[in-house]
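In what follows, a structure is listed as C-alpha coordinates, so that the remarks can point back to it.
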Amino acid sequence: MNSIQAFPLAWPDGWPRAKHRKVSSYKISTDAALNDLVRELQLTRARGVVVSSNVPLRRDGTMYRGDHSEQAMPDPGVAVYWDDRDGKPRVIACDSWRTVRENVRAIGLTIEALRQIERTGASHLLERAYQGFARLPEATDCWLTLGIPKGSSREVVSAAFRELSRTLHPDRGGHPQRYAQITQAYHEAIGASP
(Lines give C-alpha, C1' and ligand atoms only; values in the text may rest on other atoms or scores of the structure.)
Protein backbone atom coordinates (compact mmCIF):
# COMPACT_ATOMS: atom_id res chain seq x y z
CA MET A 1 0.00 0.00 0.00
CA ASN A 2 2.97 2.34 0.57
CA SER A 3 3.45 2.87 -3.16
CA ILE A 4 -0.09 4.21 -3.68
CA GLN A 5 -0.29 7.98 -3.55
CA ALA A 6 -3.31 10.20 -2.96
CA PHE A 7 -1.93 12.75 -5.45
CA PRO A 8 -1.52 12.58 -8.37
CA LEU A 9 -4.11 9.98 -9.35
CA ALA A 10 -2.79 6.41 -9.18
CA TRP A 11 -5.16 4.69 -11.61
CA PRO A 12 -5.16 0.91 -11.08
CA ASP A 13 -3.60 -1.32 -13.71
CA GLY A 14 -6.17 -3.15 -15.76
CA TRP A 15 -9.06 -0.76 -15.10
CA PRO A 16 -10.58 0.68 -18.28
CA ARG A 17 -10.99 4.42 -18.62
CA ALA A 18 -14.26 6.11 -19.56
CA LYS A 19 -14.37 7.33 -23.14
CA HIS A 20 -17.14 9.88 -22.44
CA ARG A 21 -17.94 11.41 -19.08
CA LYS A 22 -21.45 12.28 -17.94
CA VAL A 23 -22.99 14.75 -15.52
CA SER A 24 -24.60 13.07 -12.53
CA SER A 25 -27.63 14.05 -10.51
CA TYR A 26 -25.73 13.72 -7.22
CA LYS A 27 -26.69 16.64 -4.99
CA ILE A 28 -23.97 16.32 -2.38
CA SER A 29 -20.86 18.34 -1.53
CA THR A 30 -17.36 16.95 -1.88
CA ASP A 31 -16.97 16.94 1.92
CA ALA A 32 -20.18 14.96 2.38
CA ALA A 33 -19.27 12.53 -0.44
CA LEU A 34 -15.82 11.90 1.09
CA ASN A 35 -17.27 11.52 4.59
CA ASP A 36 -19.87 9.02 3.32
CA LEU A 37 -17.21 7.06 1.43
CA VAL A 38 -14.91 6.83 4.45
CA ARG A 39 -17.84 5.88 6.73
CA GLU A 40 -18.89 3.06 4.38
CA LEU A 41 -15.32 1.76 4.27
CA GLN A 42 -15.04 1.93 8.06
CA LEU A 43 -18.23 -0.13 8.32
CA THR A 44 -16.55 -2.82 6.20
CA ARG A 45 -13.54 -2.68 8.55
CA ALA A 46 -11.27 -1.42 5.79
CA ARG A 47 -7.71 -0.50 6.73
CA GLY A 48 -5.11 1.73 5.10
CA VAL A 49 -7.59 3.67 2.96
CA VAL A 50 -6.08 5.89 0.24
CA VAL A 51 -8.36 8.08 -1.91
CA SER A 52 -6.28 8.91 -4.98
CA SER A 53 -7.17 11.71 -7.42
CA ASN A 54 -5.71 14.65 -9.30
CA VAL A 55 -6.93 17.09 -6.66
CA PRO A 56 -3.93 18.60 -4.84
CA LEU A 57 -3.48 17.80 -1.16
CA ARG A 58 -3.45 20.16 1.78
CA ARG A 59 -0.56 20.10 4.25
CA ASP A 60 -2.43 17.61 6.42
CA GLY A 61 -2.57 15.20 3.46
CA THR A 62 -6.30 15.56 2.81
CA MET A 63 -7.85 16.54 -0.50
CA TYR A 64 -8.53 20.22 -1.18
CA ARG A 65 -12.27 20.75 -1.30
CA GLY A 66 -14.21 23.26 -3.36
CA ASP A 67 -13.17 24.34 -6.84
CA HIS A 68 -10.61 21.57 -7.37
CA SER A 69 -13.08 18.77 -6.82
CA GLU A 70 -16.35 20.44 -7.85
CA GLN A 71 -15.33 21.57 -11.36
CA ALA A 72 -14.80 19.46 -14.46
CA MET A 73 -11.12 18.71 -15.04
CA PRO A 74 -9.20 16.81 -17.74
CA ASP A 75 -8.92 13.71 -15.55
CA PRO A 76 -11.50 13.64 -12.73
CA GLY A 77 -10.87 9.95 -11.98
CA VAL A 78 -10.80 8.65 -8.43
CA ALA A 79 -9.31 5.37 -7.20
CA VAL A 80 -9.84 4.14 -3.66
CA TYR A 81 -7.35 1.61 -2.30
CA TRP A 82 -7.71 -0.30 0.97
CA ASP A 83 -7.06 -3.61 2.68
CA ASP A 84 -10.20 -5.51 3.65
CA ARG A 85 -10.80 -7.07 7.07
CA ASP A 86 -8.86 -10.17 5.97
CA GLY A 87 -5.90 -8.10 4.78
CA LYS A 88 -6.69 -8.54 1.07
CA PRO A 89 -5.78 -5.47 -1.01
CA ARG A 90 -8.80 -3.94 -2.81
CA VAL A 91 -9.40 -1.09 -5.21
CA ILE A 92 -12.42 0.57 -6.79
CA ALA A 93 -11.91 3.25 -9.42
CA CYS A 94 -14.38 5.51 -11.23
CA ASP A 95 -14.03 8.18 -13.91
CA SER A 96 -17.52 7.99 -15.40
CA TRP A 97 -18.48 11.46 -14.17
CA ARG A 98 -17.11 14.91 -14.99
CA THR A 99 -15.99 15.89 -11.50
CA VAL A 100 -13.99 14.31 -8.71
CA ARG A 101 -16.95 14.97 -6.38
CA GLU A 102 -19.26 12.87 -8.55
CA ASN A 103 -16.76 10.03 -8.87
CA VAL A 104 -16.16 9.96 -5.10
CA ARG A 105 -19.93 9.77 -4.61
CA ALA A 106 -20.27 6.92 -7.11
CA ILE A 107 -17.61 4.88 -5.32
CA GLY A 108 -19.23 5.54 -1.94
CA LEU A 109 -22.62 4.38 -3.25
CA THR A 110 -20.99 1.27 -4.74
CA ILE A 111 -19.47 0.31 -1.40
CA GLU A 112 -22.79 0.98 0.31
CA ALA A 113 -24.49 -1.37 -2.19
CA LEU A 114 -21.87 -4.05 -1.51
CA ARG A 115 -22.54 -3.71 2.21
CA GLN A 116 -26.25 -4.17 1.49
CA ILE A 117 -25.43 -7.54 -0.12
CA GLU A 118 -23.65 -8.56 3.07
CA ARG A 119 -26.59 -7.46 5.23
CA THR A 120 -28.99 -9.64 3.21
CA GLY A 121 -27.07 -12.72 4.29
CA ALA A 122 -25.76 -13.52 0.82
CA SER A 123 -22.13 -13.13 1.86
CA HIS A 124 -20.98 -15.67 -0.75
CA LEU A 125 -22.17 -13.19 -3.40
CA LEU A 126 -20.25 -10.42 -1.68
CA GLU A 127 -16.99 -12.37 -1.86
CA ARG A 128 -17.59 -12.99 -5.57
CA ALA A 129 -18.23 -9.28 -6.09
CA TYR A 130 -15.08 -8.32 -4.19
CA GLN A 131 -12.98 -10.70 -6.28
CA GLY A 132 -13.44 -8.20 -9.09
CA PHE A 133 -11.99 -5.47 -6.90
CA ALA A 134 -8.81 -7.34 -6.03
CA ARG A 135 -5.85 -5.08 -6.59
CA LEU A 136 -3.48 -6.37 -9.23
CA PRO A 137 0.18 -6.48 -8.25
CA GLU A 138 2.27 -3.77 -9.82
CA ALA A 139 4.10 -5.00 -12.89
CA THR A 140 7.77 -5.48 -12.09
CA ASP A 141 9.33 -6.24 -15.44
CA CYS A 142 9.02 -4.85 -18.94
CA TRP A 143 7.33 -7.94 -20.37
CA LEU A 144 4.57 -7.93 -17.75
CA THR A 145 4.08 -4.19 -18.12
CA LEU A 146 3.62 -4.54 -21.88
CA GLY A 147 1.57 -7.73 -21.51
CA ILE A 148 3.69 -9.80 -23.89
CA PRO A 149 5.75 -12.99 -23.55
CA LYS A 150 9.32 -12.65 -22.36
CA GLY A 151 11.78 -12.43 -25.25
CA SER A 152 9.22 -11.20 -27.80
CA SER A 153 10.48 -9.77 -31.08
CA ARG A 154 10.93 -6.04 -31.65
CA GLU A 155 7.82 -6.06 -33.84
CA VAL A 156 5.71 -7.56 -31.04
CA VAL A 157 7.17 -5.10 -28.52
CA SER A 158 6.42 -2.13 -30.79
CA ALA A 159 2.88 -3.35 -31.51
CA ALA A 160 2.16 -3.80 -27.80
CA PHE A 161 3.51 -0.34 -27.01
CA ARG A 162 1.40 1.26 -29.78
CA GLU A 163 -1.72 -0.51 -28.53
CA LEU A 164 -1.17 0.57 -24.91
CA SER A 165 -0.34 4.13 -26.01
CA ARG A 166 -3.77 4.46 -27.62
CA THR A 167 -5.41 4.55 -24.20
CA LEU A 168 -2.59 5.43 -21.80
CA HIS A 169 -1.05 8.45 -23.54
CA PRO A 170 -1.82 11.64 -21.55
CA ASP A 171 -3.12 13.36 -24.70
CA ARG A 172 -5.78 10.62 -24.90
CA GLY A 173 -6.88 10.80 -21.27
CA GLY A 174 -4.20 8.52 -19.85
CA HIS A 175 -2.12 9.23 -16.78
CA PRO A 176 1.44 10.55 -17.27
CA GLN A 177 2.88 8.19 -14.63
CA ARG A 178 1.37 5.09 -16.25
CA TYR A 179 2.50 6.25 -19.71
CA ALA A 180 6.03 6.73 -18.35
CA GLN A 181 5.94 3.12 -17.06
CA ILE A 182 5.04 1.67 -20.46
CA THR A 183 7.58 3.89 -22.20
CA GLN A 184 10.33 2.66 -19.88
CA ALA A 185 9.15 -0.93 -20.36
CA TYR A 186 9.22 -0.43 -24.15
CA HIS A 187 12.85 0.74 -24.09
CA GLU A 188 13.88 -2.14 -21.82
CA ALA A 189 12.08 -4.71 -23.97
CA ILE A 190 13.50 -3.34 -27.24
CA GLY A 191 16.99 -3.53 -25.74
CA ALA A 192 16.44 -7.14 -24.70
CA SER A 193 14.65 -8.28 -27.90
CA PRO A 194 16.34 -10.57 -30.40
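The values are calculated or read from the model by the stated rules, or taken from the named source; none is laboratory data. In this text, all values refer to a predicted model and were calculated from it rather than measured experimentally. Here Cβ is always computed from backbone atoms with ideal geometry, including for glycine, and neighbour counts include all displayed protein chains.
For this structure, a couple of remarks:
Every residue, every condition in (1) closer than 27 Å to Phe7 by Cα; (2) assigned to a strand (DSSP E or B); (3) at pLDDT below 85; (4) under 15 Å from the mean Cα position of the chain (by Cα), yes or no:
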| residue | (1), (2), (3), (4) |
| --- | --- |
| Asn103 | yes, no, no, yes |
| Gly108 | yes, no, no, yes |
| Leu114 | yes, no, no, no |
| Leu125 | no, no, yes, no |
| Arg128 | no, no, yes, no |
| Glu138 | yes, no, yes, yes |
| Leu144 | yes, no, yes, no |
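- Restricting Ser158, Ser193, Ser152 to residues that are of a type in the set (Gly, Ala, Ser), farther than 26 Å from His20 by Cβ and modelled with pLDDT under 85 narrows the list to Ser193.
- Leading residue by the ranking (farthest from Ser52 (Cα to Cα)) among those in segment 139-182 that are among the β-branched types (Val, Ile, Thr) and surrounded by 15 or more Cβ atoms within 10 Å (Cβ to Cβ): Val156
- Residue among Arg21, Arg45 that alone is among the basic types (Lys, Arg) and over 17 Å from the mean Cα position of the chain (by Cα): Arg45
- Residue count, segment 34-58 (criterion: more than 16 Å from Arg101 (Cα to Cα), part of a loop (DSSP other than H, G, I, E, B) and touching a residue at least 12 places away in the same chain (Cβ under 8 Å)): 3
- Residue check for Ala93: touching a Cys at 6+ places or on another chain (Cβ under 8 Å) and at pLDDT 80 or above: no
- Tyr186 being outside the structural domain of Asp83 (by TED's automatic domain parsing), modelled with pLDDT of 85 or more and assigned to a helix (DSSP H, G or I): yes
- Some residue of segment 18-33 being without any contact (Cβ under 8 Å) to a residue 40 or more places away in the chain, assigned to a helix (DSSP H, G or I) and farther than 18 Å from Asp95 by Cα: yes
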